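The values are calculated or read from the model by the stated rules, or taken from the named source; none is laboratory data. Note that the structure is a prediction, hence the values are computed from the model and not measured. We place every Cβ from the backbone using ideal geometry, glycine too, and count neighbours over all the protein chains shown.
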């Protein structure tokens, strides 16, 4: 641990480490804020989200309500009078302000008598009892709408998740995503492992050239492949289908897979492999019995990468999978269906986003130590 | 459930098929074609060993050739034809692109992305890697910063839509402005700078990647080197810049290039956040506008992206060649 | 899909049912044989069509609530024919259908929100013409039938005109939505002329309020709501003939007449005081989110110009006619262009022929196919044979009235223009315009793009 090396400069250490702690804390908070905002919002309903920011989700907020009054006017010396309670006959609540029209819902404090248009007056007590007086000679044709502000306690619920998971076809999209992801992760690993072994431990002409080509292919933008490959899939009769997307992900994932695995395999101890060969093992046996097990960290790290990449992919899914609801993967479902029909419903969108990242997060947190080990062999020289 | 079954079946057939191919082709090679016995045993072993690498390589090379090499040439060829693919127009599509101000804007923005995102991600990744190295809770901090890596770009865009929302009751940036009495702005419409607000999303995602790799590289530096420097009276800052950075320069470059390549592929963020409006168009999302409507143009755009990555590619190849020899 | 066996009750229902049909299916709130629906022809269709075991795939632009409504209509088709229908709605339908057709995996039927896109695909040979006699049937049975035939007729690969599109669902675009309570409390009257509407807009600002909610956001289609504004304005400052010439580009996009229409839209949308959130928020506010200002307390805005489908995006429980209502987007009194109305429609076209696809077009000829959605709200039709009493509420009947009082009816221009203009350059151009570009240069660059097509 590098911490041990600090002992020599003990004096500067405490100050420096405080600064370090605070800086890292700040960075972590900065990194987490966006996700936390979405997480909190995914448990709130549409009105709560547009009513108050997620950072105020845990405190009561003041909201305005329109109340359509009911009942009969009675004639009094002041005029036609309507009385009642804004929370209904059985309800209760705490009015913090009220008003007589939509544009000024907070014009008056509770208990005040508010002057409205045409000499009408309105009084609302804190407990919700109201008195509305219209001095007109004729009985008013309709009862008025009243506006009150009241504190609303914070509410959280899993409704958004229920909507997403049970009534919206998200389950289907989830299964489709798994269907795309698993073969698209395993097949390239197998194909790449053999190739990587050949490039690392076998001697043959053009080996260096092939390695260079693979490295060069790492950077080919996959957009190039979309048009010609869709045409090709059409020609061989698989068109837009799961087969197509598996092949496509395999092709696009191979350069990185070969590159990572070869770099890792090259670093394996030479004597183990050579002594096995001296003992009469064939290359096939050396590969399956020795190299493959030893390369597990590299295999795992590529698997994580390819898994995350295929799980989160939108572009390839849009092009190589049919555009019907039954073959939508989750990213397409969110981008094309949810953003469309629920464009304004942030709660649903937030929940959908969390459903879609749950599995990658799980995979990532359980496998992250392999990720580092496997990658290191490839990049740290 | 049928696609799931289909998937399981494919895994079984695909995996079984791959293993079967490698196993049986080896078997055929060793037992049938060139058996290591009889009068030509020695010669046969040599022959078998000359062929075997190609057996191992065949599936990978076929897939690479089909999905990556052929498209490079196929797309280039297609980009020389008109929108319907019927008439040869030579460089016509490229000329049309150059004449389109939206394309020029997208090209310029793409250069901004290529310069800013890798630089910012690598710098922040290095910073976090160095700082967390000394902390007890360093691993937790690293995990949290790495977390966005697991989020899809569509998901990340949703997350950041919340941050950038104009309504100060939804978007935290405008909420902060609001508390200082400033009028709300739409960050995605701030001329020129909106590009950077979009890039921030990718930096947010990629910093974790840079951090993990660089942090491991920093730990790989021999302790004696650093201890010797401390004894010589070097300050922590000096140690960092004079000793650690040069030691991990190779890793820094690898991280930088990896992120550069990624930047040129990402279209989801722009697609989901602005749809390329407000002067935020980049080449991958510009290409989507034409794809399957005017394939000539679309493939020409793809080829321009290819040209941009060409220097990175050449550099990578040179590096790889040097390693092999 | 669910079928319920119901004991037949005495009453009118029995009389309507054909003999031998012992099973009455119901989906949503509707049951075969009940209500004001035209069930007779449905029964005939059911008796004469058997597609058991076949699957019909349909792609369209309807998602969410609208998908739920169309699913109910389709359920009755399934009951009648035994076929199963798989409808998929996508927000990026315009892009998806092209990719699918090119990949050879097109659905049997596609629901095009834009005749322009359908015409594009017809000319590439990706659509199959409707059966002979469809044109005559539409001309006879739709109100103003000939115009609907024209809108559904495109040139095929060899340049020959054929009928491809069958219109199902029409949207009325020239509507302004408002809150009657808010208007009442502020003492505002419904404007009868464009002059009045502009005066009201200024009046609301004087009262310290915000008159309009405008939102152009729509994912990859961001900008389209502005094209409706411009088209409506086009009909209010120029003659219908100019409008038709504009659609075909005989009147160039950068003609001063078109620029004037764009600037008329700009009068409303690019004034910080006139729009909720200021002019800047116009471009990025999602169109589905934009009417919410009408329902806020205090109001975020007082008026919202949008087509007849928009109630699908109002907050849950909103009653059209009580909480919110609409008025006709008025014409200039001094322009003498009558009462122009802008509309649009979605059309079914066959992308992969099958018996079931043909049967679906036959089904859509039945009044009940239209009535079933009319009764669910948010649906207008040109079919003259439907029973207007099946409209969900009076407000829809009122929309029908606006349609019939129109002196000029024109179809949404952007939907008729080539896809790259009407579903591309026009959209992005409008976003550029509301974010500060001037009308002339925007119109010029759209025209450039159009020139590049020819």
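Please determine whether any residue of segment A:79-96 is in the same structural domain as residue A:132 (by TED's automatic domain parsing), free of Cβ contacts under 8 Å to residues at least 24 places away in the same chain, in a strand (DSSP E or B) and over 22 Å from residue C:208 (Cβ atoms).
No, the conditions are met nowhere in segment A:79-96.
From B:309, B:263, which residue is in contact (Cβ under 8 Å) with a residue 40 or more places away in the chain and either at the interface with chain A (Cβ under 9 Å from one of its Cβ atoms) or under 30 Å from residue C:97 (Cβ atoms) (or both)?
Step by step, each of B:309, B:263 is checked, and only B:309 is in contact (Cβ under 8 Å) with a residue 40 or more places away in the chain and either at the interface with chain A (Cβ under 9 Å from one of its Cβ atoms) or under 30 Å from residue C:97 (Cβ atoms) (or both).
Residue-by-condition table, conditions (1) closer than 23 Å to residue C:120 by Cα; (2) touching a strand residue (DSSP E or B) at 6+ places or on another chain (Cβ under 9 Å); (3) at pLDDT below 85; (4) within 14 Å of another protein chain (Cβ to nearest Cβ):
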site: C:401; (1), (2), (3), (4): no, no, yes, no
site: C:409; (1), (2), (3), (4): no, yes, yes, no
site: C:412; (1), (2), (3), (4): yes, yes, no, no
site: C:423; (1), (2), (3), (4): yes, no, yes, yes
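Looking at segment C:41-142, what helices (runs of 4 or more DSSP H) fall wholly within it and have at least 1 residues that are without any contact (Cβ under 8 Å) to a residue 24 or more places away in the chain?
Ranges flagged: C:65-81, C:93-102, C:134-141.
Which members of segment B:293-306 meet the condition of being more than 10 Å from chain A (Cβ to nearest Cβ) and over 14 Å from residue B:73 (Cα atoms)?
B:293, B:294, B:297
So, residue B:89, is that one in contact with a helix residue (DSSP H, G or I) (Cβ under 9 Å, 6 or more places away or on another chain), more than 14 Å from chain A (Cβ to nearest Cβ) and over 18 Å from residue B:285 (Cα atoms) or not?
Working: in contact with a helix residue (DSSP H, G or I) (Cβ under 9 Å, 6 or more places away or on another chain): yes; more than 14 Å from chain A (Cβ to nearest Cβ): yes; over 18 Å from residue B:285 (Cα atoms): yes.
Here the answer is yes, as residue B:89 does meet what is asked.
Checking the conditions here, which among A:375, A:315, A:361 is modelled with pLDDT under 75 and more than 9 Å from chain C (Cβ to nearest Cβ)?
A:375
Filter segment C:163-187 for residues that are assigned to a loop (DSSP other than H, G, I, E, B) and within 14 Å of another protein chain (Cβ to nearest Cβ) and give the result.
C:179, C:187 - these are the residues of segment C:163-187 that are assigned to a loop (DSSP other than H, G, I, E, B) and within 14 Å of another protein chain (Cβ to nearest Cβ).
Going through segment A:284-303 one residue at a time, which ones are closer than 15 Å to residue A:195 by Cβ and without any contact (Cβ under 8 Å) to a residue 40 or more places away in the chain?
A:284, A:288
Do we have residue A:276 as closer than 24 Å to residue B:22 by Cβ, within 11 Å of chain B (Cβ to nearest Cβ) and part of a helix (DSSP H, G or I) here?
Spelling it out, it is not the case that residue A:276 is closer than 24 Å to residue B:22 by Cβ, within 11 Å of chain B (Cβ to nearest Cβ) and part of a helix (DSSP H, G or I).
Does segment B:281-306 hold any residues that are without any contact (Cβ under 8 Å) to a residue 12 or more places away in the chain and part of a helix (DSSP H, G or I), and which are they?
Looking only at segment B:281-306, we keep the residues that are without any contact (Cβ under 8 Å) to a residue 12 or more places away in the chain, and these are B:290-292, B:298.
Within segment B:281-306, B:290, B:298 meet the criteria.
Looking only at segment C:355-397, count how many residues are assigned to a helix (DSSP H, G or I) and either assigned by TED's automatic domain parsing to the domain that holds residue C:319 or modelled with pLDDT of 85 or more (or both).
19
Looking at (1) surrounded by fewer than 20 Cβ atoms within 10 Å (Cβ to Cβ); (2) more than 25 Å from residue A:173 (Cβ to Cβ); (3) out of contact with any strand residue (DSSP E or B) (no Cβ under 6 Å at 6 or more places or on another chain), which is the only condition residue C:117 fails?
The failed condition is (1).
Could you please give the count of residues in segment C:143-159 that are at negative phi, outside any helix (DSSP H, G or I) and in contact with a strand residue (DSSP E or B) (Cβ under 9 Å, 6 or more places away or on another chain)?
The qualifying residues number 6.
Might you check whether a residue that is surrounded by fewer than 20 Cβ atoms within 10 Å (Cβ to Cβ), in contact (Cβ under 8 Å) with a residue 12 or more places away in the chain and under 30 Å from residue C:303 (Cβ atoms) occurs anywhere in segment A:126-141?
Yes, the conditions are met somewhere in segment A:126-141.
Return the residues of segment B:186-199 that are free of Cβ contacts under 8 Å to residues at least 60 places away in the same chain and buried (at least 17 other Cβ atoms within 10 Å of the Cβ); say none if nothing qualifies.
Selection gives B:186, B:187, B:197.
Which of the residues spanning segment C:425-454 are surrounded by fewer than 18 Cβ atoms within 10 Å (Cβ to Cβ) and either part of a strand (DSSP E or B) or more than 14 Å from chain B (Cβ to nearest Cβ) (or both)?
If we filter segment C:425-454 for residues that are surrounded by fewer than 18 Cβ atoms within 10 Å (Cβ to Cβ), which is where we start, we get C:436-438, C:440-441, C:444, C:448, C:451-454.
Hits for segment C:425-454 are C:438, C:440.
Go through segment A:201-216 and give me each residue that's within 25 Å of residue A:308 (Cβ to Cβ) and at pLDDT 85 or above.
Residue satisfying the conditions is A:214 alone.
Checking residue C:344 against (1) surrounded by fewer than 23 Cβ atoms within 10 Å (Cβ to Cβ); (2) touching a helix residue (DSSP H, G or I) at 6+ places or on another chain (Cβ under 6 Å), only one condition comes out false. Which one?
The one condition residue C:344 does not meet is (1).
So for segment C:319-328 (the condition being surrounded by fewer than 22 Cβ atoms within 10 Å (Cβ to Cβ), closer than 27 Å to residue C:147 by Cα and at pLDDT 90 or above), does at least one residue qualify?
Yes.
Do we find that residue B:274 is surrounded by 21 or more Cβ atoms within 10 Å (Cβ to Cβ) and either more than 10 Å from chain A (Cβ to nearest Cβ) or out of contact with any helix residue (DSSP H, G or I) (no Cβ under 9 Å at 6 or more places or on another chain) (or both) in this structure?
yes
Which of the residues that make up segment A:109-131 are part of a strand (DSSP E or B) and away from chain C (no Cβ under 14 Å)?
Answer for segment A:109-131, where residues must be part of a strand (DSSP E or B) and away from chain C (no Cβ under 14 Å): A:113, A:115, A:121, A:123, A:124, A:129, A:130, A:131.
Looking at segment B:237-247, can you tell me whether even one residue there is closer than 30 Å to residue B:307 by Cα, surrounded by 19 or more Cβ atoms within 10 Å (Cβ to Cβ), assigned by TED's automatic domain parsing to the domain that holds residue B:311 and under 33 Å from the mean Cα position of the chain (by Cα)?
The answer is no, given that none of the residues of segment B:237-247 is closer than 30 Å to residue B:307 by Cα, surrounded by 19 or more Cβ atoms within 10 Å (Cβ to Cβ), assigned by TED's automatic domain parsing to the domain that holds residue B:311 and under 33 Å from the mean Cα position of the chain (by Cα).
Here's a check for you: in segment A:319-329, which residue that is at pLDDT 85 or above and part of a helix (DSSP H, G or I) is nearest to the other protein chains (Cβ to nearest Cβ)?
By that ranking, first place goes to A:319.
Out of the residues in segment B:130-153 meeting the condition of being part of a loop (DSSP other than H, G, I, E, B) and more than 7 Å from chain A (Cβ to nearest Cβ), tell me which one is nearest to residue B:269 (Cα to Cα).
B:137
Which residues, counting only those in segment B:164-193, are assigned to a helix (DSSP H, G or I), more than 10 Å from chain A (Cβ to nearest Cβ) and more than 30 Å from residue B:131 (Cα to Cα)?
Residues satisfying the conditions are B:177, B:179, B:187, B:188, B:189.
In segment C:354-366, is there at least one residue being surrounded by fewer than 18 Cβ atoms within 10 Å (Cβ to Cβ) and closer than 20 Å to residue C:227 by Cα?
no
Can you pull out every residue in segment B:19-37 that is within 12 Å of residue B:51 (Cα to Cα) and part of a helix (DSSP H, G or I)?
Matches in segment B:19-37: B:25, B:26, B:28, B:29, B:30, B:33.
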